[in-house]
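What follows is one structure encoded as C-alpha cells, with my remarks underneath.
We did not get these values from a lab; they are worked out from the coordinates using the rules stated. All figures in this text were calculated on a predicted structure; none of them were measured in a lab. Every residue, glycine among them, receives a Cβ derived from its backbone with ideal geometry; neighbour counts consider all protein chains shown.
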Amino acid sequence: MSLLEIEGLDLSIGDSRILKGVDLSVAPGEVMGLVGESGSGKSMTALTLMRLLPEAARVSGRVTFSGIDILAADEARMCALRGDDIGMVFQEPMTALNPVKSIGEQVAEGIRWHTGANRADAEARAKTILDRVGLPESRFPLSRYPHELSGGQRQRVVIAIACALKPKLLIADEPTTALDVMLQAQILELLRDLVDENRMGLLLISHDLAVVADMADRITIMRSGEVMEAGETARTLSEQLHPYTRQLALASMHVPERSKVHAANGPNLLEVQQLTRDYPSRRVSLFTPGEPTRAVDHVSFSMHAGQSMALVGRSGCGKSTLARMILALDRPTSGDISFRGMSLAGKSESELRVARRDMQVVFQDPYGSFDPRHRVERLVSEPLHLLYKRPTPTERREMVARALHEVGLGADDMHKYPHEFSGGQRQRISIARALITRPKLIIADEPVSALDVSIRAQILDLFAELNQRLGVAYLFITHDLTVARAITDDVMVMHEGKIVESGRTADVLDNPRSQAAKELVAAAPDLHRAIVRRLREEG
Amino acid sequence: MSDQLSITQDSFGSILARAFRSRSFVIGFILTAIVALMAGISFFWTPYDVTKLIVSDRMQPPSAAHWFGTDHFGRDNFSMIMVGARNSIAVALVAVGIGMGLGVPLGCWAAACGGWIDETLMRFNDLVFAFPALLSAVMITAIFGPGAINAIIAIGIFNIPVFARVARGGALSIWPREFILAARASGKGPMLITIEHVLPNIANLLLVQGTIQFALGILAEAGLSYVGLGAQPPMPSWGRMLFDAQTRMVVAPYLALFPGFAIVLTVLGLNLLGDGLSDTLDPKLRRQR
C-alpha cells in the first residue's frame, strides 16, 4: 500500500495549465525521483502535496497521503500534517533558515508546535536530531546562528528540521543544487540513511539525472506538466523507451565534437607565476589585525593559444579569486600574471586596456550578469569601450549583429531587454558580449551550472564550436567534472588555494593521484556508473 | 550621447503609459497637477490681488464672489492659496534639488570607493541626521534671518543625508552584481560604471524618495512659515495662513480649513505619485502586468 498516491492531478493558474494529469506514488521507505527541466511542474507538484500553492491556483484530481485526502483537508488539518508527517527540504539553504533565530530554536520550534513538548524536551530532541545529521552539540552548539554555518551545514539544519518528527514522507526539492559535489555527496548519503532508518518515503526532485539515478528506486520524468515516463530507475534509464528519456540522458552525457586540437606553438598566451592572494580577516581586537586568509597560494600555470583548460575544485577553494586576478579585477598580493607577454601586475587601468580587449569573461548566473535596464545592443557592445577607435553607431550595430549571429541569435534580438530571454539565450548573449572584441582568451566561471541539461548541451556545443572556428582559448572554472570532461583538453585541480594536480583531462579524471582529486572524482555523480551499479545490484 | 537620449526618450513614453494604469499614480498625478496648475496660473492671474487689503470685505464666509472666503484683512483666501502653492512648490522643489544634487553624488561616491571614504562620509551623514531637521531649520533661519531663501537652504541641507543614504544603499546593492564585474572587465572605471549602470538602476529609488522629500519639504515649509520663519508677508504662504487662522478658529473655521486641506491634499497627492511610480518603474515587474 503506498504512502502517497497522486492520481490525475491537474493544476492551472489563470489560463495556463501547469500540471496535466500527473500520476505518482511513493511507498514507505522508497525513494521516488522526480526529474524534469525547469518549468516542467516538479516544484508545483511538491507544493500541491503541502497545499502551499499560490492563491490563484485551481486544482483537481486526487491526492491521498496515508488515507487522508489532501485536496479536501482543511487548513488546520494541513498545518498538523506539514512538518509532522510531511517534511520538506528546499533548494536554497541560505534563505530557508530564519537568520535571527538560533539553529536550536528553529529545530525545536516544530517539535514544540506539533507535540506540545516543553522547551527542555524539545531541545533535547533537537539535540538528538542535529547530532544525527552530523552537527554534534560539542562542535555546533544549539545557540549557533545560520550565518555562522557553511552552506552544507545549513542544509543539514534544514534536513534536521524536516526530519525532527520522523515524517512519513520527506519532500526534497533540489536539495543539493546549491552545493558543491563533495557536499552534495554527503547530503545525499545522509538522506539515504534517514530513509533507511525510519522507513520514510522520499520524493527527490532534481534536474540532475545522475543524482536521481544514484538515489531513487523509481523515477518519474516530467515535461511541461505531464508525466512522460515512470518506472524503476535502472530499467527506465537503461532501456530509455520514451524518446524524451533518451533525449534527457543523451543531453546529460553530451560531449561536443571537437576534432581539431590546437597545438602549443609560439609563446604562451597566459603565464601565471607564484600567484598569491591574501584577504584580511576580521580583527581580533581594535589593535590586533586578524591573521590574513590565503585564498590563492603560490599558483603557477600557463596556457597556450586555443587551449581549453578546466579549473576544478570545491566551492571556496579559490577558483573564482584566481579568475578575478587573471581578469585584473582583483590585485594579487604577490606573484605575477603575464598575458601575451605583458605583465598585468601593478598596471593602471589605461595600460590594462590592451590586455582586457583580448580577455573576456562569461559568468555563471545568466540573470545577474546583465544590467536589467539596458537593451541587448548596449549590453553586448559594452566591451567595445576598449577599442582604440570608438565605432560609429552603424559599425557598432553591425558588430553586435555579427556577435549575436555567432552565438545563434538573430540581429533583431538586439532591441530587446534581457528579461525577455530564457536562461539559455541569456548565456548566449553573455558569450556574444565576450566575443565582440575578438578575444584570445575567455574565462568562463561555471558557465553552464545554472542551465537545464538540454540547454547545457547546446551551450557546450557552442563553446566547442567557437573554439574550433575562432581559436579562442578557454579557462573553464567548474565544479562539474562532466563539463570538464566534455570540453577541455587539460585540467587543473585546485584545493585550498593550491593547484594540487594538473594534466590531460582524461588522464587526471580517470586516474586521479592527489587526495583532493580522488575525493572530487569519487563524489561526482555519474549517470553511467549509477545505472551500471543499480543494474548489478538487481542482478 | 544622442542615441542614449533617444533610448531614454522612447522608453519614457512607455513608462508613462504604464504608470497611468496604476490607480494610485493617477490619483496622485491629478492632485499634484491641480496644485501645480494653481501655482502656474497664479503667475498671470488671481481672482483678487493678494497684496491689496480691502477692509470692508473682511471675514467673509465662502460665497460666489470669494470661493474660499476672505481673511481679517479682506484678502481673498482662494487667491492666497494659489500664490501660496507657488511658494510651497518653489521651496520644496529647490530643497529637493539641493538634496539630490549633493546627496546622490556623495552617496554614489561613498559606495564606489568604500573603505575610509565611505566611513567618513556616512558618519558625517549620521551627524547631520542626528539633528531634528525642523528644529535645525528653525535654528538656521533664526541665525540668518527669516525668509524664503533661508528656508530653502535649511530644508535642502537636511535633504542631503537622506538622498546620500538612499543612493549609497541602492548603489551598494548594485555593485556586487555580476554585470558590474562584466563592465569592469570591459575596462570601465568607477565613474563611468556609476553613471551607466548604478544610477539607472537606483533611479526609481531616488525618484520615489524625491516625491516623498518633496511632500516633506512642503510640510516643512508650512511648519517654518507657521512659526514665522518662512516666507515673509506680504508673500502669502499656507503655513502662515494657518497661523493667522488659528485665533479665529471659532468664528471663521473656513480660514484654517482651506489651507489645511491644501497641505494635506498636496502631500497625499505626492505620496501617491511616488507610490505609483515605484510600482511601475521596475522592469522586473513589467511582465506581470
Check which residues have an amide H placed less than 5 Å from A:Ile443's amide H, if you skip close sequence neighbours.
A:Gln360, A:Val361, A:Val362, A:Leu475
Tabulate in residue order the Karplus-calculated ³J(HN,Hα) for region A:377-383, using 6.51 cos²θ - 1.76 cosθ + 1.60 with θ = phi - 60°, rounded to whole Hz; enter x for Gly and Pro.
4, 6, 5, 5, 7, 3, x
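Among all helices in chain B defined by DSSP H, which have a length of 27 Å or more along the axis from Cα atoms plus a Kyte-Doolittle mean of at least -1.0? Please report the intermediate quantities before stating the final value.
On the way: long enough: B:23-42 (29 Å, 1.97); B:77-113 (53 Å, 1.46); B:148-174 (38 Å, 1.50); B:199-226 (39 Å, 1.11); B:254-280 (38 Å, 1.31).
What comes out of the filter, once short or polar helices are dropped, is B:23-42, B:77-113, B:148-174, B:199-226, B:254-280.
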Chain A: antiparallel bridges as % of DSSP beta bridges, rounded to 5, reads 55
For region A:504-539 and region A:189-204, distance of Cα centres in Å:
23
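Other chains near A:382-388: what is the mean number of their Cβ atoms within 10 Å of each residue's Cβ?
Numbers: counts 9, 6, 1, 6, 4, 0, 0.
Partner-chain Cβ atoms within 10 Å, mean over residues of A:382-388: 4.
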Among A:48-58, A:370-380, B:79-89, how do they line up by average Cβ neighbours within 10 Å per residue, starting with the highest?
B:79-89, A:370-380, A:48-58
Inter-centroid distance (Cα atoms) of region A:12-41 relative to region A:414-490, Å
30
Neighbour net charge for B:Asp49 - beta-carbon separation under 12 angstrom, K R +1, D E -1
+1
Suppose the chain between A:Glu197 and A:Asp330 were pulled fully straight at 0.36 nm per residue; how much longer would it get relative to their current alpha carbon spacing?
43.0 nm
Cα gyration tensor of region A:33-179, axes a ≥ b ≥ c as square roots of the eigenvalues: rounded (a/c below 1.5), prolate (a/b > b/c) or oblate?
oblate
May I ask you to order A:317-326, B:241-250, A:8-17, A:286-295 by the average number of other C-beta atoms within 10 Å around their residues, highest value first?
A:317-326, B:241-250, A:8-17, A:286-295
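Give, as a single signed number, the net charge of other residues whose beta carbon lies under 14 Å from the beta carbon of A:Gly266, with Lys and Arg counted +1 and Asp and Glu -1.
Details: positive: A:Arg340, A:Lys440; negative: A:Glu271.
Net of charged neighbours comes to +1.
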Students often forget the sequence filter, so: which lysines lie under 20 Å Cα-Cα from A:Lys101 once same-chain residues fewer than 8 apart are removed?
A:Lys127
Using the structure shown, select from A:Lys319/A:Lys518; A:Lys416/B:Lys188; A:Lys20/A:Lys168; A:Lys440/A:Lys498; A:Lys20/A:Lys166 the pairs with a Cα to Cα distance greater than 20 angstrom.
A:Lys416/B:Lys188; A:Lys20/A:Lys168; A:Lys440/A:Lys498; A:Lys20/A:Lys166
Using Cα pairs under 8 angstrom and six or more residues apart, how large is the relative contact order of chain A, in percent?
16
